[in-house]
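Working notes, structure below.
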Amino acid sequence: MKYSLNWDLDSLFSGGINSAQLKAKLAQLKTAIAALGDLLDRWDAASDAPHYQQFNKIITQLQAIESGIGQAGLFISAVGSADINNPDVAPVNARLNDLENQADNVSGKLKKVLVQVPDANFAAMLAQPDLQPLAFNLKEMRNDGKELLDDKTEALINRLDLDGKAAWSAHYDSLVATVTVPFHDANGQPLTLSAGQADNNLLGNADPQYRAELLPAWEQAWTDKEQLFADTLNHLAGFRLTEYAAHGTTDFLRQPLKDNRLSAATLNTIWQVVDDNKQFLLDYLDRKAALLGKKHAGWQDVEAPLNLPGSHLHHFTYDEAAAFIIKYYGEFSPKMAALAQHAFEHHWIEAEDRAGKAPGGWMESAPETHESRIFMTFTGSPNDVSTLAHELGHAFHSSVMEDLPYLRQDYAMNVAETASTFGELIVADANVKAAQTPAEKITLLNAKMDNPVAMFLNIRARYLFETRFYQLRQQKLVTPAELNELMLNAQKEAFGHDLSTYSPHLWASKLHFYIDDLSFYNFPYVFGYLFSLGIYAKAQQEGNFEDAYIALLRDTANMSTEDLARKHLGVDLTKPDFWLAGVKLIKRDVAEFMRLTDSLVN
Ligand SMILES: [Zn+2]
């Protein structure tokens, strides 16, 4: 084998989770945070004028602290993901959370200090050669500062958050670990599934009958504990709403939009485009149902694989997957291909299929050493190759920004999901093109539809639910029955009343509703997906696209998302046109799927 299935973490911190090097790093960060706090207390804009050297020192130190926290954070979550039963991870993680909390306090203090700087001094500061590249970020910090309460109150809120939002989010994980689904295996033998195993089977088991029987058992498992989940969701959201109210707003979309540097107008346009253009996906689902021998698809069929006779999919070895990604990345961008190759060669990826690993996949960058690490489980399916391509897309994004100041690398989730989806699209298309038979092509096109169906229908439903839930939560505690009803109605609306079954307990089973530092963990995915489709459409039209793409990625933490699109793509995101160009690409795939399956259903 050419490439290793295991990553190297020792080059980040040697000696595992109890590494002396890591301990020293955490201690050094603690000292640095305290020192920065002192420096800030003593800083005064007027006496620092005209060169603002002291301020430059402050902002440099803040960035060093945040990148140090990033480096340590990646290492700790990497160790934890690769070995979920390691008891030493949680205490070290708690120390890091504590440091993050202190760093947040200092950064909040800095934001408020910036508010006190007179406009003329602030403009003069931004004109300094060292500070000029950070102008957007400093303005953003100053605007944030205007909404902050006094230091003591902000520190108290941060402190309470550890036993508030953050605690409810962690409590969710503990609750999910107790959920079991009594069911049976393929031969009818009784079997108890964990929530994760049941979820994988519900969405991915190849037998439609098995999935259909599993859905009621799945819903029952969440029903049994629905009061506990409802409490958790209510309190997490309640804490958040109180925090918003303390900062003078009842608009629960304000913060998520701000986090994504996105305007409400753009978000509304995206949803309009989605709602106006979902019929072809509903037609696709009807066709899929017909191929499964049904009139209407059920909730459990939406993402299911199609097992057509003669569709034996290619099984990739890890080396083949690497070669495939490097080859097709290279057709778009030699630099993307080079980064992927570097990642495989330098042990950035943990891909081994073994017990004791966390589910899912992620990429995090190591800002101090200009590297990344990717976590996933590789079993050899085309889907795994796509996941790998997705995470390598994230890694490419980070790599093209590594020379920028740390604040300039702080891109938001919506644009983060752009580079990853772009990487995934390249490889998914290559997979479809490489299909040997029509049956294989149908299977792969069907798998490729998972993304648009998730974005246009499933995530649309989650957004509708979350919006309505927050509205109701502003008035009262929401009961499990009400949550089920809100979710069921949102799903029916998003799926055009086209499914034969739904999953009303999705509000309990979906982790994304319980993430503490980001709410509305849904629309940024839809943005990233459609934005990358728009870029992909452009890349296919224009020959030499690499430089323009890299220039766009480098600006992702340097302006609002609307400005980014205007500057690098010449488009107005508040208008439907750009989004519709991406929709056209999905329609093309669906049309081909319909053409290839016509003769199979009539
Ligand atoms: Zn991603």
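The values are calculated or read from the model by the stated rules, or taken from the named source; none is laboratory data. These numbers come from a predicted model, not from an experiment. Don't worry about glycine lacking a Cβ; one is built from the backbone with ideal geometry, like all the others, and counts go over all protein chains shown. Each accessible area value is taken on the protein alone, full model and side chains, heavy atoms only, with ligands, DNA and RNA left out. Shrake-Rupley method; radii C 1.70, N 1.55, O 1.52, S 1.80 Å.
Points worth noting:
- Residue list for segment 289-303, given a label point 7 angstrom along the Cα-to-Cβ vector of THR501 and an amide N cut-off under 11 Å: 298-302
- Net charge of Cβ neighbours under 12 Å - reference LYS278; Lys, Arg +1; Asp, Glu -1: -3
- Measuring nothing but protein heavy atoms, the accessible surface of segment 519-586 at 1.4 Å probe radius is 49 percent carbon and sulfur.
- Additional length obtainable on full extension of the chain from GLN197 to ALA34, 0.36 nm per residue less Cα span: 54.2 nm
- Whether segment 167-208 is rounded, prolate or oblate, judged on the alpha carbon gyration tensor where a/c under 1.5 counts as rounded: oblate
- Computed log10 I(q)/I(0) for segment 316-398 at 0.18, 0.19, 0.24, 0.25 Å⁻¹: -0.70, -0.78, -1.23, -1.32, from the Debye equation with unit scatterers placed on every C-alpha and solvent omitted.
- Long-range Cα-Cα pairs in segment 56-197 (distance over 27 Å), rounded percent: 45
- Principal-axis tilt of helix 195-204 within the chain, Cα atoms, nearest 10 degrees: 50
- Based on protein heavy atoms only, segment 77-126 ends up with 46 Å² per residue of surface accessible to a 1.4 Å probe.
- Cα long-axis angle, helix 264-276 against the chain (0 to 90 degrees, to the nearest 10): 0
- Sites listed here are trypsin sites (Lys or Arg not before Pro) in segment 256-295 whose DSSP assignment is loop and whose Cβ has at most 14 other Cβ atoms within 10 Å: LYS295.
- Amide H within-cut-off set for LEU191, under 5 Å, with H built and near neighbours excluded: PHE183, HIS184, ASP185
- Near ASN383: Cβ cut-off under 12 Å, other residues only, Lys/Arg at +1 and Asp/Glu at -1. The net charge is -3.
- Total formal charge among the other residues, if their Cβ is under 14 angstrom from that of LYS295, Lys/Arg +1 and Asp/Glu -1: -1
- Rounded percent of accessible protein surface that carbon and sulfur make up, segment 174-239, 1.4 Å probe: 53
- ³J(HN,Hα) computed for each position of segment 373-380 - Karplus, 6.51 cos²θ - 1.76 cosθ + 1.60, integer Hz, glycine/proline x: 10, 10, 10, 6, 10, 9, 10, x
- Taking the C-alpha atoms only, the angle from helix 135-146 to the longest principal axis of the chain is near 80 degrees.
- Prolate/oblate/rounded label for segment 118-252 (Cα gyration tensor, a/c 1.5): prolate
- Gyration tensor (alpha-carbon) shape descriptor, segment 359-518, a/c threshold 1.5: oblate
- Pairwise Cα inverse-distance average, inverted: Kirkwood Rh of segment 235-389 (Å): 20.3
- Accessible surface area normalised per residue over segment 408-566 is 32 Å², counting heavy atoms of protein chains with a 1.4 Å rolling probe.
- Reach of LYS152 by Cα under 27 Å, taken over lysines that are not fewer than 8 positions away in the same chain: LYS30, LYS57, LYS109, LYS111, LYS112, LYS139, LYS165, LYS258
- Rg/Rh (Cα only; Kirkwood hydrodynamic radius) as it applies to the chain: 0.96
- Apportionment of accessible area to carbon and sulfur, segment 55-145, percent (1.4 Å): 52
- With a cut-off of 11 Å on the backbone N, the residues of segment 451-474 near the modelled label site 7 Å out from ASN489 along Cα-Cβ are 465, 468-469, 472.
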